[in-house]
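Okay, structure first, notes after.
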Amino acid sequence: MKIVAVTACPTGIAHTYMAAEQLERTARQLGHSIKVETQGAMGIENELQPEEINAADAVILATDIAIEKPERFEQVRKIEVSVQSALKNPEAIFQRAQNL
């Protein structure tokens with residue numbers, strides 16, 4: 001599957017990036033391609049482009065705060081989870097993505 005994701009936590013220092021790494025690692029293990037945008041203390045990094053979002057089979061929003069530019073994800077199939085869920089049980093998130 002082709003997946004895109006956004007991670008964002010309240011402080012945007014550690015958990016945002018840890019969740020991004022966890023999602024990338026799990027995607028590789030499960031044979032999926034993924035691009036993860038982080039919205040941390042440095043602002044938006046690795047920003048998803050509209051064509052990447054539209055081409056994705058699923059979008060994962062692993063966030064604990066309101067994200068910037070949420071309108072980009074209004075018309076796509078998405079899963080919304082906490083950052084902790086992405087850190088602790090990413091396999092379940094990918095299973096949900098497959099069932100969208």
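The values are calculated or read from the model by the stated rules, or taken from the named source; none is laboratory data. Predicted model only: the values in this text are computed from it and were never measured. For neighbour counting, all protein chains shown are included, and Cβ atoms are generated from backbone atoms with ideal geometry for every residue, glycine included. Areas reflect the complete protein model, heavy atoms only, side chains present, ligands, DNA and RNA absent. Shrake-Rupley method; radii C 1.70, N 1.55, O 1.52, S 1.80 Å.
General observations
- Search result, residues across the stretch 1-23 that are exposed (fewer than 15 other Cβ atoms within 10 Å of the Cβ) and in contact with a strand residue (DSSP E or B) (Cβ under 7 Å, 6 or more places away or on another chain): LYS2, ILE13
- Of all residues in the stretch 24-36, those that are open to solvent by 40 Å² or more (accessible area, probe 1.4 Å) and either assigned to a loop (DSSP other than H, G, I, E, B) or within 20 Å of PHE73 (Cβ to Cβ) (or both) total 5.
- Taking the numbered list (1) under 21 Å from ALA92 (Cα atoms); (2) under 11 Å from the mean Cα position of the chain (by Cα) in turn, ALA56 passes all entries but (2).
- Tallying residues that are within 23 Å of ILE13 (Cα to Cα), open to solvent by less than 70 Å² (accessible area, probe 1.4 Å) and not hydrophobic (A, V, I, L, M, F, W, C) within the stretch 47-69 yields 2.
- Every residue from the stretch 67-100 that is at pLDDT 95 or above, farther than 11 Å from VAL6 by Cβ and in a loop (DSSP other than H, G, I, E, B): SER82, ASN89
- Test for GLN39: is it free of Cβ contacts under 8 Å to residues at least 60 places away in the same chain, part of a strand (DSSP E or B) and over 9 Å from the mean Cα position of the chain (by Cα): yes
- With respect to the conditions (1) surrounded by 17 or more Cβ atoms within 10 Å (Cβ to Cβ); (2) at pLDDT 95 or above; (3) under 19 Å from GLU21 (Cβ atoms), ILE44 falls short on a single one, namely (1).
- The set of residues in the stretch 68-79 that are more than 23 Å from GLN95 (Cβ to Cβ) and either touching a residue at least 40 places away in the same chain (Cβ under 8 Å) or not acidic (Asp, Glu) (or both) comprises LYS69, PRO70, ARG72, GLN75.
- THR11 vs. criteria over 14 Å from ILE93 (Cα atoms) and not in a loop (DSSP other than H, G, I, E, B): no
- Criterion violated by LYS78 - all others in (1) open to solvent by 80 Å² or more (accessible area, probe 1.4 Å); (2) among the charged types (D, E, K, R); (3) in contact with a strand residue (DSSP E or B) (Cβ under 9 Å, 6 or more places away or on another chain) satisfied: (1)
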